[in-house]
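Written out below as structure tokens is the structure these notes cover.
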Amino acid sequence: MIAQIIVDVPSSQTDRVFDYLIPAEWEGVIEPGMRVVVPFGPRKIQGFVIGLSDTTNVEKPKPIFDLLDATPVLTTELLALGSWLSEQTLCFKVSAYQLMIPAALRTKVKKELKLADELHQLAPALQPLFQERDVMAWTEVIGQNKALAKELKRAIKAGHIEVHYQVEEKGRKKTERYLQLAANYEKLEPLPKRALKQAELLAFMERQTGPLSMARVMAEGQTTRQTVKALLDKGYLQESEQEVYRDPLAHVEYERTEPLPLTEKQAAVIRPILSSLDEERHETFLLHGVTGSGKTEIYLQAIDHALKQGKEAIVLVPEISLTPQMVQRFKGRFGSKVALLHSALSVGEKYDEWRKIQRREVQVVVGARSAMFAPFTNVGIIIIDEEHETSYKQEENPRYHARDVAIFRGHYYNCPVILGSATPSLESYARAQKQVYHLLPLTERVHSRAMPVVEIVDMREELRRGNRSMFSVRLLEALKDRLAKNEQCVLLLNRRGYSTFVMCRDCGYVATCEHCDISLTYHRSQHALKCHYCGHEERMPQTCASCGSEHIRFFGSGTQKVEEELAKVLPEARVIRMDIDTTRRKGSHERLLSAFGRGEADILLGTQMVAKGLDFPRITLVGVLAADAMLHIPDFRSAERTFQLLEQVSGRAGRHELEGEVVIQSYTPEHYSIEHVKAHDYEHFFQVEMGHRRQGLYPPYVFIVLINVSHPEITKVIDVTEKIVAFLKRELADETIVLGPVASPLARIKDRYRYQCMIKYRNEPELRQTLREIQQHFMRDINQGHLQVSIDMHPYLFA
DNA sequence: AGCACGCCGACT
DNA sequence: GTCGGCGTGCTC
């Protein structure tokens with residue numbers, strides 16, 4: 001029997017099937033989707049079995065060396081998905097498969113040296129190495145001593161030392177010690193009279209019905225490790241290891257919730273979803289529901305419907321740790337049927353959640369992007385909440401979008417896919433208009449609550465009137481008003497594209513990174529300058545590096561600065577600040593939010609992270625300090641992102657009985673992305689933005705491919721990019737536009753120069769093949785040189 | 001990716 | 001003469 005294997009060597013030359021012989025004892029045991037260890041050239045490496053066959057063209061296939069899994073880690077469906085994904089995103093097959101398994105299962109190949117002869121046979125220089133042991137890690141010897149390495153090589157050749165390859169898994173299952181009485185404990189010699197503690201423990205154990213974890217024995221039996229050990233040693237107790245799940249939410253209690261009665265509008269929207277479920281028909285729905293319209297309840301009831309059919313559900317939410325309230329709603333409704341997968345979990349915790357899914361111990365997974373690969377086998381419904389969020393696109397290889405994966409799986413299982421958003425991406429909304437997706441509009445808030453009133457303040461006018469502070473008169477008034485009424489406020493400081501850089505006031509010099517062409521960011525806590533791309537760090541300079549002037553200052557406004565200003569103008573206000581600095585520690589996000597929820601602060605001040613998912617009844621004011629910060633980023637989606645952010649954050653106000661108000665400060669209040677927030681008019685914004693896209697030839701009117709080339713030498717980069725552009729112009733259709741080469745917006749990162757070119761096309765059936773040829777053509781340079789060519793079939797980031 | 005094989009310069 | 005530099009090609 002032959003196993004078809006994708007080896008764990010991410011390179012274009014090994015990106016194909018290799019045939020291996022299945023040893024007789026593993027016939028019928030090895031299945032597609034399992035990981036194995038195989039000999040590959042002189043070494044041993046990991047591989048994924050993707051198929052079985054009776055025949056092979058290989059003359060003398062080598063046998064599989066070892067088996068890593070008892071059950072497949074990849075289902076038949078996931079194997080197909082991986083293959084499709086590698087074609088779509090032009091990544092290696094093995095990279096696609098690695099993506100689908102938890103990090104704890106990734107393996108490392110360890111190279112070991114083993115003494116295979118008598119110690120004295122070895123060259124004298126080598127003997128000290130093997131004095132105490134006969135196996136050692138290759139890394140211990142290599143690289144530190146050239147002469148020694150030479151001797152080693154000779155000894156290996158002579159057969160005195162053998163090289164072994166060990167494939168090792170990174171994560172371990174967590175086990176706990178369990179204790180129980182030994183079967184024959186009554187026949188043992190009685191305990192000595194003075195062993196009072198031991199006698200107590202024995203009595204305690206006699207009262208138990210089954211094995212008890214060590215932790216519980218100590219706590220409930222009021223005893224210590226020494227006492228336990230004494231009884232173990234004497235044979236009264238037996239210990240066993242039991243696997244336990246690391247439960248990230250062990251200490252959290254969830255209140256059980258029941259389905260809420262749906263409003264008429266909600267009922268109208270859920271109907272087509274349920275019939276798609278009942279008819280086992282794949283369909284992609286775009287649920288366009290304004291903030292506060294009750295989208296989540298629709299998700300919950302649709303999932304419930306799928307579960308009742310004995311099926312499973314996958315739910316994606318943007319960076320789940322950011323929305324504890326969302327988690328609460330899922331856990332509250334489905335309890336232990338839910339697994340959570342998000343980036344705040346440790347490697348081990350993620351592995352445990354993944355295994356719950358794999359063993360069918362849960363039926364619902366709620367998670368971030370990668371949760372879309374949950375190894376379910378009977379998916380009934382797939383939901384992507386806040387579908388416009390850019391975090392659903394992975395910005396490293398494999399550059400995939402979770403939405404595309406969702407639709408693949410939806411097709412496979414003939415089940416509905418729901419994309420939900422108050423501000424859908426233009427691509428999705430355009431598809432809904434073309435009836436590719438089924439549009440489900442939900443235009444009213446539940447209980448017909450009013451959308452918050454939006455006021456836009458022109459900050460130029462404010463300046464003309466002599467107000468140089470960062471708060472407009474209107475916003476300050478509103479804040480004071482809420483403080484007086486004991487209501488709560490959210491203040492958003494849009495920091496994206498607006499970092500704190502250091503500039504000389506005399507000559508205009510800006511401190512930049514010496515490895516990257518990008519300005520350094522000032523970090524107050526360490527009084528240092530940092531590069532956000534390579535991590536380079538330097539002290540804040542006293543004088544300008546260019547002209548020597550002492551008038552060097554940092555510009556830009558951080559949340560800390562706003563907090564200080566706030567303390568000056570509203571000293572009585574209690575402020576919670578939420579940004580990268582205050583939420584870095586695990587769980588701090590939840591802590592800050594629940595403190596705010598308990599009313600321990602009046603103002604929640606933060607960056608983008610306060611815009612999403614918050615639902616507190618006492619929030620009646622939302623202030624946006626600089627609405628246009630993001631507008632000037634050179635990205636065709638900047639208007640779309642601005643509108644989305646403003647609309648999202650507006651939605652935090654007045655979600656319950658109290659009415660909400662939004663004050664948006666802007667230097668370009670007439671811009672359509674800001675103006676249309678006023679009437680919460682997505683439809684109009686969409687029309688205007690589509691006009692711009694058509695004019696500039698941007699998605700959804702065309703598809704875009706971004707090719708980024710980087711190399712330490714700028715001449716090489718330009719040369720390669722020019723060749724790529726010339727090739728593409730020759731190969732692709734006349735209507736297709738190839739732009740470039742141009743320097744990337746981040747022209748240098750980590751001492752590598754970066755150039756890019758862009759393809760805009762409508763119809764190119766052979767495109768992926770053409771791009772593969774580029775990868776092949778520069779393979780040599782990529783393999784040995786320092787050339788990198790990255791291809792993004794659907795870019796969201798143009799740096 | 002590694003690793004071996006193979007062909008040229010500068011050393012004991 | 002050999003050691004070791006790295007370009008080239010292969011791994012079932």
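Every read-out reported here was derived from the displayed coordinates using simple, explicitly stated rules and does not represent laboratory data. All values reported here derive from a predicted model rather than from experimental measurement. Note that each Cβ is placed from the backbone with ideal geometry, even for glycine, and that neighbours are counted across all protein chains shown.
Using a simple spin-label model with points 7 Å from Cα along the Cα→Cβ vector, what separation in nm is obtained for A:Asp278 and A:Leu797?
Going from the A:Asp278 label point to the A:Leu797 one covers 4.5 nm.
Taking R0 as 30 Å, what's the FRET efficiency between A:Ser53 and A:Glu773 from their Cβ-Cβ distance, rounded to 0.05?
Taking R0 as 30 Å, the efficiency between A:Ser53 and A:Glu773 is 0.55.
At 7 Å along the Cα-to-beta-carbon direction for both A:His684 and A:Asp117, put a label point, then send me their distance in nm to one decimal.
Here the answer is 8.7 nm between the modelled labels.
Short version: what are the Cα gyration tensor semi-axes of the range A:482-635, square root of 5 times each eigenvalue, largest first, in whole Å?
Numbers: eigenvalues 219, 53, 43 Å².
The equivalent ellipsoid of the range A:482-635 has semi-axes of 33, 16, 15 Å.
Between A:Thr75 and A:Glu162, what is the label-point separation in nm under the 7 Å Cα-to-beta-carbon projection?
Placing both labels 7 Å beyond Cα along the Cβ direction yields 4.2 nm.
Which order do the peptides A:3-16, A:186-199 take when ranked by the mean count of other beta-carbon atoms within 10 Å per residue, highest first?
Packing proxy ranking, top to bottom: A:3-16, A:186-199.
Go through the cysteines of chain A and tell me which have no other cysteine Cβ under 4.7 Å away.
Cysteines lacking a close Cβ partner in chain A: A:Cys91, A:Cys415, A:Cys489, A:Cys534, A:Cys757.
Which entries in A:Lys108/A:Lys337; A:Lys723/A:Lys760; A:Lys295/A:Lys586 show an alpha-carbon gap greater than 25 Å?
A:Lys108/A:Lys337; A:Lys295/A:Lys586
At what distance in angstrom do the alpha carbon centres of the range A:563-602 and the range A:759-794 lie from each other?
Answer, in whole Å: 47.
Separation of the range A:348-383 and the range A:255-274 by C-alpha centroid, Å?
The distance from the Cα centre of the range A:348-383 to that of the range A:255-274 comes to 24 Å.
For a Förster distance of 25 Å, can you work out the FRET efficiency between the beta-carbons of A:Ser525 and A:Ala567, rounded to the nearest 0.05?
Values: r = 18 Å, r/R0 = 0.72.
Rounded to the nearest 0.05, the efficiency is 0.90.
Rank A:Met758, A:Gln784, A:Gln363 by how far each Cα sits towards the positive end of the charge dipole of chain A (+1 on Lys, Arg Cβ; -1 on Asp, Glu Cβ) and give me just the farthest.
Going by the Cα projections, it comes out as A:Gln784.
Highest first, please rank the peptides A:65-73, A:756-764, A:366-374 by the mean number of other Cβ atoms sitting within 10 Å of their residues.
Working: A:65-73: 15.0, A:756-764: 18.2, A:366-374: 24.9.
For the peptides A:65-73, A:756-764, A:366-374, the packing ranking is A:366-374, A:756-764, A:65-73.
Estimate the FRET efficiency between A:Glu600 and A:Arg207 by the formula 1/(1 + (r/R0)^6), using the beta-carbon distance for r and 60 Å for R0, to the nearest 0.05. List each step's numbers first, then the result.
On the way: r = 45 Å, r/R0 = 0.74.
Efficiency, from the Cβ-Cβ distance: 0.85.
Convert each backbone phi in the range A:197-206 into a coupling constant with the Karplus relation 6.51 cos²θ - 1.76 cosθ + 1.60 (shift: θ = phi - 60°), then list the ³J(HN,Hα) values in order as whole Hz, x for Gly and Pro.
4, 5, 5, 4, 5, 4, 4, 4, 5, 5
Taking the Cα centroid of the range A:398-423 and of the range A:641-663, what is the distance between the two, rounded to the nearest whole Å?
27 Å
Find, among the GluC sites (Glu not before Pro) in the range A:621-719, those assigned to loop by DSSP (not H, G, I, E, B) with at most 14 other beta-carbon atoms within 10 angstrom. Intermediate values should be presented prior to the final figure.
Details: sites: A:Glu640, A:Glu647, A:Glu657, A:Glu659, A:Glu661, A:Glu670, A:Glu675, A:Glu683, A:Glu689, A:Glu713; in loops: A:Glu657, A:Glu659, A:Glu670, A:Glu713.
Here the sparse-neighbourhood loop sites are A:Glu657, A:Glu659, A:Glu670, A:Glu713.
Can you bin the range A:547-620 into rounded, prolate or oblate? Criterion: square roots of the alpha carbon gyration tensor eigenvalues sorted a ≥ b ≥ c, rounded for a/c under 1.5, prolate for a/b above b/c, oblate for the rest.
prolate
Radius of gyration and Dmax for chain A's Cα atoms, expressed in Å?
Using the Cα atoms of chain A, the pair Rg, Dmax is 30.9, 97 Å.
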